[in-house]
Amino acid sequence: MTPDIFFNSWSGLGRALLIGVLAYAGLIVLLRISGKRTLSKMNAFDLVVTVALGSTLASVLLDRSVPLAEGLLAFALLIVLQFVITWMSVRNRWFRGMIKSEPSLLVRDGAYLPGAMRRQRVTREEIEAALRKHGHDDIAKVAAVVLETDGALSVIPSRSS
């Protein structure tokens, strides 16, 4: 075991501290400028952007060959690309269909829809957990359970319950 596995130099720690604070502050500023949509519930595309931002932050923090300015430019590029994609998806139905999925009906009028559940890889147990979370104890009293585009399960009670 080499001694530098735990500690290499004080300058390395200082760089990580300084660059970490500056990169984090830059990321927060860019996220605030980009608006609430960037921080909203995630669909698959948003998850990819979030992972890419995290990966970029890690590279800026840990790789001495990546200057802070390049890391901030990469943050800005990812956020601008997300803005452009979401802007286009709001204005173009075809493009929105390429980026976002549609909600899926999993329960209708108190009856499970096994084909839809299989396609979406959702179990009865997951639906029952969502029912409990929304204060329902009987599937028969539910008009619908919908798998939303962000992966959440929405429960719509029957009018009679």
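Counted as membrane-span-like here are DSSP H helices of the chain whose alpha-carbon atoms extend 30 Å or more along the helix's own axis and whose Kyte-Doolittle mean is -0.5 or above; these are 10-34, 68-91. The listed peptides 116-129, 144-157, ordered by packing as a protection proxy, come out as 144-157, 116-129 (highest mean of other Cβ atoms within 10 Å first).
Taking the accessible area of the chain, probe 1.4 Å, and keeping the other protein chains in place, the carbon and sulfur fraction comes to 64%.
Charges only on Cβ, +1 for Lys and Arg, -1 for Asp and Glu: so what's the dipole of the chain about the Cα centre, in debye to the nearest 20? Don't skip to the answer; put the middle values down first.
Details: 19 positive and 13 negative charges, 114 e Å.
It works out to roughly 540 debye.
Surface analysis of region 40-161 yields an accessible area of 65 Å² per residue, using protein heavy atoms and a 1.4 Å probe. Helical content of the chain, expressed as a calculated mean residue ellipticity at 222 nm, amounts to -19000 deg cm²/dmol (DSSP H runs of 4 or more residues, -39,500 (n - 2.57) each, divided by residue number, nearest 500). Between the entries (1) 117; (2) 131; (3) 192, the label attached to volume of the Cα convex hull per residue in Å³ calculated for this structure is (3). Using a Förster distance of 22 Å, how high is the FRET efficiency between V90 and I33, based on the Cβ-Cβ distance and rounded to 0.05? Rounded to the nearest 0.05, the efficiency is 0.75. Stretched out straight at 0.36 nm per residue, the stretch from F6 to A25 would grow longer than its current Cα-Cα span by 4.1 nm. Extension gain for the segment I156 to A129, taken as residue separation times 0.36 nm less the Cα-Cα distance, is 8.3 nm to one decimal. Look at the dipole of the chain built from charges on Cβ: of L47, V107, M117, the Cα furthest out on the positive end belongs to V107.
The values are calculated or read from the model by the stated rules, or taken from the named source; none is laboratory data. Owing to the predicted nature of the structure, the values given are computational and were not obtained by experimental measurement. Positions of Cβ are generated from backbone atoms using ideal geometry, with glycine treated the same way; all protein chains shown enter the neighbour counts. The accessibility values were calculated without ligands, DNA or RNA, using every heavy atom of the protein model including side chains. Shrake-Rupley method; radii C 1.70, N 1.55, O 1.52, S 1.80 Å.
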